[in-house]
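Novice: Got a structure for you, written out below as structure tokens; questions coming shortly.
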Amino acid sequence: MAQVGNKNIDNASGQVVRLDIEDAIEAVATNNFGARNSAGTILPCEFLADDTTNKLLIRQSSGGDQANPNPTSGTAAVFFEVGNLDEDNLGLLPKSGGTMTGQILGDDGSAAGSPAYSFDSDSDTGMFRSGANTIGFSTAGTARVSISDAGLDITNGLPLRLQDSSGAPFVSLKSPSSLSGNVDLTLPSSIVNGGFLQTDNSGNLSFQIVAGVPTGAVFCVAVATIPSGYLECNGTAVNRSTFAALFALIGTQYGAGNGSTTFNLPDLRGEFVRGFDNGRGVDSGRSIASSQTAQNQSHSHGANANATSNVNDPGHKHNARGYGNQDDGGNQFTGSNNSSTRNNAINNANTGISVSTNVSVSVANEGGESRPRNVAMMYIIKV
């Protein structure tokens, strides 16, 4: 123990005075090491090494002077804790290395213009306590960010910028200059590609999940460039492991590839795709992935033949010789061959024939296929 009740040197014999001086010097040299409640009177700014708590204390410059926190007389002194006697560097953070323990207490009443934690060359930029349970951050003396139990607020019209690295392009989220009410962004528990933001009638935002394009879906694209996540429907053999999801779906319907590690994609180049009948009866007997050859439906054609043929007989006479009786008109004979023999001339009336025929037939045969009008696009399949 190296404590004395006080540092006063009373008048006494030489030996007594010498011992008082030695005790006082030892107490000062050991920072009054010992139990706090036994230290007696402590001078302003005097150290006290309390061996009951292993703390190095220093008395404040004013107030009570008794080391004992519960003195029988006088007033207890107020001490500040300097450090822990059991730890290196008294448990204080060295200039380099080590671990800081305990609390760092800043100015409770600091503001944006003079934050409690700032920098030598930039004293109006730093961190401060802007209110109960609230930490503020300021730059150039203006509050920019506030963190409280309600959340994180970015103030003074600044946007929230998400950036991969300094100087890189960023994504910015900024509030409009005026709002009629709060707008909350509520994220779902899980997000998949294709989600979109949707508002409800209460002003809340949330992500709605849109099912992605299913594996095996086939599309037409208006360019010859294949987008990511798709392959061209060109019949190519592709790896079964690399495109496991597609292989699990279509298998070897469009070709078995090499029979072990690859399979074929549909080949839709130059093809018309027809909807699967699936029991309707329009195109019965078909299965998915089956193909058909070209065919024309049984039908008939109307035809016109262009040809002209003219026959014109203006009229002529025939002479005939017969046997029998001449009738009253002189033009016909009646009776039989056994009637009286007589030559009679038959004078027929003039006769004429006129025939005109027009025929036109045209049947075209062009190309090697039957097809409707069409536009060429590329078929792709989702992998």
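Novice: List the residue pairs whose Cβ atoms are under 6 Å apart, where the first residue sits in segment 255-282 and is free of Cβ contacts under 8 Å to residues at least 12 places away in the same chain, the second is assigned to a loop (DSSP other than H, G, I, E, B) and loosely packed, with under 10 Cβ neighbours inside 10 Å, and the two are 6 or more positions apart or on different chains.
Specialist: 277/284
Novice: Same structure, new question: Answer yes or no: is there a residue in segment 169-176 that is under 25 Å from the mean Cα position of the chain (by Cα), at pLDDT 85 or above and among the aromatic types (Phe, Trp, Tyr).
Specialist: yes
Novice: Considering only segment 130-151, state which residues are surrounded by fewer than 10 Cβ atoms within 10 Å (Cβ to Cβ) and either under 30 Å from the mean Cα position of the chain (by Cα) or touching a residue at least 24 places away in the same chain (Cβ under 8 Å) (or both).
Specialist: Hits for segment 130-151 are 150, 151.
Novice: Still on this model: Name the residue, out of 124, 107, 120, that is modelled with pLDDT of 90 or more, of a type in the set (D, E, K, R) and under 55 Å from the mean Cα position of the chain (by Cα).
Specialist: The conditions single out 124.
Novice: Could you say whether any residue in segment 54-76 is β-branched (Val, Ile, Thr), part of a loop (DSSP other than H, G, I, E, B) and loosely packed, with under 14 Cβ neighbours inside 10 Å?
Specialist: Within segment 54-76, one or more residues are β-branched (Val, Ile, Thr), part of a loop (DSSP other than H, G, I, E, B) and loosely packed, with under 14 Cβ neighbours inside 10 Å.
Novice: Does residue 139 satisfy the condition of being under 20 Å from residue 82 (Cα atoms), of a type outside the set (A, V, I, L, M) and out of contact with any His (no Cβ under 6 Å at 6 or more places or on another chain)?
Specialist: No; evaluated as a whole, the condition is false for this residue.
Novice: Could you list, in sequence order, all residues of segment 21-36 that are part of a helix (DSSP H, G or I) and surrounded by 15 or more Cβ atoms within 10 Å (Cβ to Cβ)?
Specialist: Within segment 21-36, 23, 24, 26, 27, 28, 36 meet the criteria.
Novice: Looking only at segment 230-282, count every residue that is polar (S, T, N, Q) and not in a loop (DSSP other than H, G, I, E, B) and tell me the total.
Specialist: 4
The values are calculated or read from the model by the stated rules, or taken from the named source; none is laboratory data. Treat the numbers as computed from the prediction; the structure is a model and nothing was measured. Note that we place each Cβ from the backbone using ideal geometry, even for glycine, and neighbour counts take in every protein chain shown.
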